[in-house]
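Okay, so here's the structure we're looking at.
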């Protein structure tokens, strides 16, 4: 689960939210014995048909936080400078 500022189909942003907002102790729920479909690859041949488990990862900003973190965005000139020196930093293109 992500906040409204993250589009669920924007995987880089979802990964960012998981890395910066997800706290396993408060943000993990496991649902046992949830319904599934015959297309579920996690169902083994010995498993009860269409019964599986699910996990919910809550990557939202906790509502009890009085101060919400703001996202820092680099200027285009800083991004261009970093990209131009990418190999110098030891990274591949």
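The values are calculated or read from the model by the stated rules, or taken from the named source; none is laboratory data. Not measured: the values here are computed from a predicted model. Counting neighbours? That spans all protein chains shown, and the Cβs are built from the backbone with ideal geometry, glycine included.
For the reader, a short list of remarks on this structure follows.
- Here residue 30 qualifies as on the phi < 0 side of the Ramachandran plot, modelled with pLDDT of 85 or more and loosely packed, with under 10 Cβ neighbours inside 10 Å.
- Matching residues in the range 43-67 - criterion: being outside any loop (DSSP other than H, G, I, E, B) and under 20 Å from residue 16 (Cα atoms): 55, 56, 57, 59
- Residue within the range 68-85 that is in contact with a helix residue (DSSP H, G or I) (Cβ under 9 Å, 6 or more places away or on another chain), modelled with pLDDT of 90 or more and assigned to a loop (DSSP other than H, G, I, E, B) present: yes
- Residue within the range 1-13 that is within 21 Å of the chain's Cα centre (by Cα), surrounded by 11 or more Cβ atoms within 10 Å (Cβ to Cβ) and not in a loop (DSSP other than H, G, I, E, B) present: yes
- Search result, residues across the range 24-42 that are outside any helix (DSSP H, G or I) and touching a residue at least 12 places away in the same chain (Cβ under 8 Å): 28, 29, 30, 31, 32, 33, 34, 35, 36, 37, 38, 40
- Check on residue 85, on the phi > 0 side of the Ramachandran plot and exposed (fewer than 11 other Cβ atoms within 10 Å of the Cβ): no
- Filter result for residue 19 (at pLDDT 90 or above, at positive phi and surrounded by fewer than 11 Cβ atoms within 10 Å (Cβ to Cβ)): no
- Out of 52, 60, 37, one residue alone is surrounded by 10 or more Cβ atoms within 10 Å (Cβ to Cβ) and either farther than 24 Å from residue 2 by Cα or over 21 Å from the mean Cα position of the chain (by Cα) (or both). It is 52.
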